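Read the structure below first, then the notes.
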Amino acid sequence: MTNKIMCRMGDGERVWLPSEQVKEDILRGTQDAAERAHIPELTSEDGERLFDIIADPSKVVSVEPGEEVIVTDDAASMLFYADQENSGQGIPMSRTQSLLAYERACAADTISIGHTDYSYKQVKPIINYETQEYYNASQVTTAPFFYGSQPNMGLYFQPDGPYPNPAELLPEGKISQALEAQEIALEHLADDLVYIGKRMNAVGCEGFNFDTAASAGDADFKATLKAVSKLKEVAPGMSIEVGMSSEFVMGMHGDMTYNGKRLAGLYPHEQVKVVEEAGADIFGPAINVNTSESIPWNLSRAVTFVKATVAVAEIPVHPNVGMGVCGVPMFEVPPVDAVTRASKSLVQIGKADGL
Amino acid sequence: MGTGDIFGMPTAHILASAMGGIRTAGDLVAWMQMTRKMKIDEAKTYVADKLGIDVIALTDEEIMRQVREDLDIGIITSVSGSAKGIVAKWKIAELLDIEINSVNLLKSKLGI
């Protein structure tokens, strides 16, 4: 085993791979990203640096002093008190206590809260409760403080919402009905997002996070972009972060555009440009993890996408690095060896502005 | 950032790559990304210039602890009477010459 390198698979399983295979996986990973998104592969120097990070015999690795970046989160403090469904630990703490613990015990650069269900549709009926929680906490916290949730347009379709479900209509061949349902739902979603954003802004919200955008496809993404644009107009003092749900915008509708740009099929280096156009301040790409491939393959792929995105971005780029994205294994107790390798690689090679 | 248990995911990233929040200058650099869309190097340079220190010192606890204490902009340990929360954010907004929504709301309540 001494000539082999300790690695992980995309599902977190620990494996020992020959160095030749690690190098081969790094090459295949970057080639896959480059081919899919028509972006440059990592240079040979990048590949060697990535190999060195992966092959480092230390359990935990880190960036060098002076290379540190900012972390933003999607309600990470919720992990203290939430249940397993949110990877939470069930500690009996209030939301404000968990925020203060995250700020002062974990030394997070920024903090955030959100609804336990983490979807904006669920926030609307209890907006008074959420604004009160945010306002109270904002008086005692020092770090920049976001409110976040997911646009999650899927909740606007039957049986969870009022509109016919495109996922049921499309297999039945009811194409026009499926398109119309998404067109109506996106307007409803955008209105709700703006309503919630305006209410949060009214209590002095410092940052508003659209997490897991485009999870229901291109119409979901369009609703998010419309809401960002409107909020920047009516609440210019509230910073906006847009984090994506995956590396590729699914064309559930297919003809959705934003300022003339077709949204279906956009990869991160293209997603960031429409997000910038809408007025957002921070962009979070999410690169899918393939659980059947190794972490060297997954991480090489993620770094390739992120490097290409940062190269064209005019706003800070914070790759999503929770379980199952950007080279972090798809496992709810992410092994710290894999997490810190993803962290270091995305900053040092991908040139991320944050995570 | 994403999800995963608090030790394995956010804490691991914070130790591997983050600036250190209010232990150092992480919150200050974050404000510049949020309010001015600054990329990381520009944001660090801006904050370092405002503090009158080198960029490399922004994440040096031994330096930043004293800087934060002297400026009274919030420190990681609890000292009775020192600025924390909205008071610290008010001072940070003035220090960095930025607008912070929560601070502006308080000012409007006070008629300032």
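Residue A:37 falls short on exactly one of the conditions (1) under 16 Å from residue A:295 (Cα atoms); (2) away from chain B (no Cβ under 14 Å); (3) buried (at least 16 other Cβ atoms within 10 Å of the Cβ), and that condition is (1).
Tally up the residues in the range B:2-52 that are polar (S, T, N, Q), without any contact (Cβ under 8 Å) to a residue 40 or more places away in the chain and surrounded by 23 or more Cβ atoms within 10 Å (Cβ to Cβ), please. So the count comes out to 3. Of note, residue A:203 satisfies the criterion of being surrounded by fewer than 23 Cβ atoms within 10 Å (Cβ to Cβ), among the aliphatic types (A, V, I, L, M), on the phi < 0 side of the Ramachandran plot and within 13 Å of chain B (Cβ to nearest Cβ). In summary, helices (runs of 4 or more DSSP H) completely within the range A:240-355 and bearing 3 or more residues that are within 14 Å of the chain's Cα centre (by Cα) and more than 8 Å from chain B (Cβ to nearest Cβ) occur at A:268-278, A:295-312. In the range A:38-58, the residues that are over 25 Å from residue A:271 (Cα atoms) and modelled with pLDDT of 95 or more reach residues that are outside any helix (DSSP H, G or I) and not aliphatic (A, V, I, L, M) with C-beta atoms within less than 8 angstrom, at least six apart or across chains, in these pairs: A:54/A:7. Scan A:154, A:88 and give me the residue that is farther than 16 Å from residue A:209 by Cβ, small (Gly, Ala, Ser) and within 11 Å of chain B (Cβ to nearest Cβ). Going through A:154, A:88 in turn, the sole match is A:88. Within 11 Å of chain B (Cβ to nearest Cβ) and in contact with a Leu (Cβ under 6 Å, 6 or more places away or on another chain) - does that describe any residue in the range A:54-73? Yes: the range A:54-73 contains one or more residues that are within 11 Å of chain B (Cβ to nearest Cβ) and in contact with a Leu (Cβ under 6 Å, 6 or more places away or on another chain). Would you confirm, using the coordinates I've provided, whether residue A:294 is crowded, with 24+ Cβ neighbours inside 10 Å, over 20 Å from residue A:109 (Cα atoms) and among the hydroxyl-bearing types (Ser, Thr, Tyr)? Considered against the rule, which asks whether it is crowded, with 24+ Cβ neighbours inside 10 Å, over 20 Å from residue A:109 (Cα atoms) and among the hydroxyl-bearing types (Ser, Thr, Tyr), residue A:294 comes out as yes.
If a residue has to be away from every other protein chain (no Cβ under 14 Å) and either over 18 Å from the mean Cα position of the chain (by Cα) or in a loop (DSSP other than H, G, I, E, B) (or both) to count, how many in the range A:220-239 make the cut?
Total meeting the criteria: 4.
Scanning the range A:59-89 for residues that are modelled with pLDDT under 95 and of a type in the set (S, T, N, Q), which turns out farthest from residue B:56 (Cα to Cα)? Filtering first and then ranking leaves A:84.
Determine whether residue A:68 is surrounded by 14 or more Cβ atoms within 10 Å (Cβ to Cβ), out of contact with any His (no Cβ under 6 Å at 6 or more places or on another chain) and over 30 Å from residue B:42 (Cα atoms). Criteria not met by residue A:68. Among the residues of the range B:58-88, those identified as free of Cβ contacts under 8 Å to residues at least 12 places away in the same chain and either part of a helix (DSSP H, G or I) or over 22 Å from residue B:100 (Cα atoms) (or both) are B:62, B:63, B:66, B:70, B:77, B:78, B:79, B:80, B:81, B:85, B:87. All but one of (1) in contact with a strand residue (DSSP E or B) (Cβ under 9 Å, 6 or more places away or on another chain); (2) part of a helix (DSSP H, G or I) hold for residue A:72; state the number of the condition that does not hold. For residue A:72, the failing item is (2). Of all residues in the range B:27-42, those satisfying the criterion of being under 18 Å from residue B:102 (Cβ atoms) and either of a type in the set (A, V, I, L, M, F, W, C) or facing chain A (nearest Cβ under 7 Å) (or both) are B:27, B:28, B:30, B:31, B:32, B:33, B:34, B:35.
The values are calculated or read from the model by the stated rules, or taken from the named source; none is laboratory data. Predicted, not measured: the structure shown is a model, and the values here were computed from it. Cβ: placed from backbone, ideal geometry, glycine included. Neighbour counts: every protein chain shown.
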